[in-house]
Amino acid sequence: MRHGKYRFIVGFLALPLGLYALFVVWPFIQSIYYSFTDWTGLSPDFQMVGFDNYERMLDDDIFWKSLWHSLLFALVLPVLTLGLALFFAFMINVGGRRRKGGPAISGVRGSAFYKIVYFFPQVLSIAIVSLLFAFAYNPDSGAINSLLRGIGLDGVQPLWLGDPGLALWCVMAVLVWSTVGFFVVLFSAGMASIPAELYEAALLDGASRATTFFRVTLPLLWDTVQSGWVYMGILALGAESFAVVQIMTTGPGGPDYSTTVMVLYVYQKAFRDGQAAYATTIGVALLIVTLAFAAIVMRLGRRERLEF
């Protein structure tokens, strides 16, 4: 068994690693290669142009706008989403009042129902969610402005997605609403595994709910929070932000490029403008941003592992 264990391990890993290299690593290498060409994506012919695409990217005002918007997504969305998810999960599992004859620590009444409600957006496709909110944000017949008119705020009728100052935040709100439920369930599962004796000891020592959260719950849940932070950041930089911006906004990416993100700009350059080489150049920049974000979160979030 000892002599054959390495052959056994290699035999099991060879196929998945080969598939990963073929469908993940190799496309990355190809993208980096094509970023040094003038390939249009519509023809097999291309020529090497060196760093011309990178020089063009650095002089592209729209690229810098899209980079700033993507960085906002990566910084703001995880904070809002994970913060809300931690609050809701804590209330569901630990935030209830003590009941007669019941345990010292319990969640609010109907916590199982709340978990279902919070998780419901995950059942819907992001395309459906985007369409629903696009209708809700309609300044003339949308649900939000209709509600404002219904309560007498006729003078408060924002353009929402038509306002360059509001459009990006409207899109962020949709992403928070659609993803927070997943993390509520994830953090609830983590909190349920924390022994109740730790909470009871904290209460006996006179700790408040807030102190219990920051001194007991968060440290023991930190590995899960850190993983969720990286995952949420990748979603904000990738497919989720692309889908919402592509479906909801005018242009898409408007008005006046106020909602253009890097992944959308890659798509537009490759499939709308026929500039595949330049699109891969922006894609390489997006890869660097994503890897840097994950590395920074893992480095800043590193702490001593706590066990219970």
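Note on the range 39-55: among residues that are open to solvent by less than 70 Å² (accessible area, probe 1.4 Å) and out of contact with any Gly (no Cβ under 7 Å at 6 or more places or on another chain), the one that is modelled with the lowest pLDDT is Ser43. Please tell me if Phe73 is in contact with a strand residue (DSSP E or B) (Cβ under 7 Å, 6 or more places away or on another chain) and either within 18 Å of Gly283 (Cβ to Cβ) or in a helix (DSSP H, G or I) (or both). Considered against the rule, which asks whether it is in contact with a strand residue (DSSP E or B) (Cβ under 7 Å, 6 or more places away or on another chain) and either within 18 Å of Gly283 (Cβ to Cβ) or in a helix (DSSP H, G or I) (or both), Phe73 comes out as no.
Residue check: Leu124 meets all listed conditions (1) farther than 30 Å from Ala294 by Cβ; (2) surrounded by fewer than 19 Cβ atoms within 10 Å (Cβ to Cβ); (3) hydrophobic (A, V, I, L, M, F, W, C) but one, namely (1). Taking residues in the range 287-300 that are in contact (Cβ under 8 Å) with a residue 12 or more places away in the chain, and partners anywhere that are part of a helix (DSSP H, G or I), the pairs with Cβ atoms closer than 6 Å and at least 6 places apart or on different chains are Thr290/Leu237; Phe293/Ala74; Phe293/Gly233; Ala294/Val230; Val297/Trp229; Val297/Val230.
Has the range 145-159 got any residue that is over 30 Å from Phe213 (Cα atoms), touching a helix residue (DSSP H, G or I) at 6+ places or on another chain (Cβ under 6 Å) and either open to solvent by 20 Å² or more (accessible area, probe 1.4 Å) or not basic (Lys, Arg) (or both)? Yes: the range 145-159 contains one or more residues that are over 30 Å from Phe213 (Cα atoms), touching a helix residue (DSSP H, G or I) at 6+ places or on another chain (Cβ under 6 Å) and either open to solvent by 20 Å² or more (accessible area, probe 1.4 Å) or not basic (Lys, Arg) (or both).
Consider the range 26-38 and keep the residues that are part of a helix (DSSP H, G or I) and surrounded by 16 or more Cβ atoms within 10 Å (Cβ to Cβ). The one that is nearest to the chain's Cα centre (by Cα) is Ser31. Would you mind stating whether Gly283 is among the small types (Gly, Ala, Ser) and more than 25 Å from Asn53 (Cβ to Cβ)? No, not satisfied. Of the residues making up the range 247-257, those that are open to solvent by less than 60 Å² (accessible area, probe 1.4 Å) and in contact with a Phe, Trp or Tyr (Cβ under 8 Å, 6 or more places away or on another chain) are Met248, Gly253.
When each of Ala210, Ala201, Ala239 is tested for being within 20 Å of Ser111 (Cα to Cα) and surrounded by fewer than 16 Cβ atoms within 10 Å (Cβ to Cβ), the lone residue that passes is Ala210.
Taken together, Phe90, Phe12, Phe23 contain a single residue that is in a helix (DSSP H, G or I) and in contact with a Phe, Trp or Tyr (Cβ under 7 Å, 6 or more places away or on another chain), which is Phe90.
A count restricted to the range 133-184 and to residues that are within 30 Å of Ile234 (Cβ to Cβ) and small (Gly, Ala, Ser) stands at 8. Would you check which residues across the range 39-70 are touching a residue at least 60 places away in the same chain (Cβ under 8 Å), part of a loop (DSSP other than H, G, I, E, B) and hydroxyl-bearing (Ser, Thr, Tyr) and list them? Correct list: Thr40 only. With the condition kept exactly as written, say whether any residue in the range 270-279 is among the polar types (S, T, N, Q) and open to solvent by less than 30 Å² (accessible area, probe 1.4 Å). No: zero hits. Applying a threshold of 8 Å to beta carbon distances and a minimum spacing of six or more residues, or different chains, the list of pairs starting in the range 150-162 at a residue that is part of a loop (DSSP other than H, G, I, E, B) and ending at one that is surrounded by 15 or more Cβ atoms within 10 Å (Cβ to Cβ) reads Asp154/Leu148; Val156/Leu148; Gln157/Asn145; Gln157/Leu148; Pro158/Asn145; Pro158/Leu166; Leu159/Leu166.
The values are calculated or read from the model by the stated rules, or taken from the named source; none is laboratory data. A quick note: this is a predicted structure, and the numbers were derived from the prediction, not measured. Ideal geometry is used to build each Cβ from the backbone, glycine not excepted, and the neighbour counts take in all protein chains shown. These area figures cover heavy atoms from the full protein model, side chains too; ligands, DNA and RNA do not enter into them. Shrake-Rupley method; radii C 1.70, N 1.55, O 1.52, S 1.80 Å.
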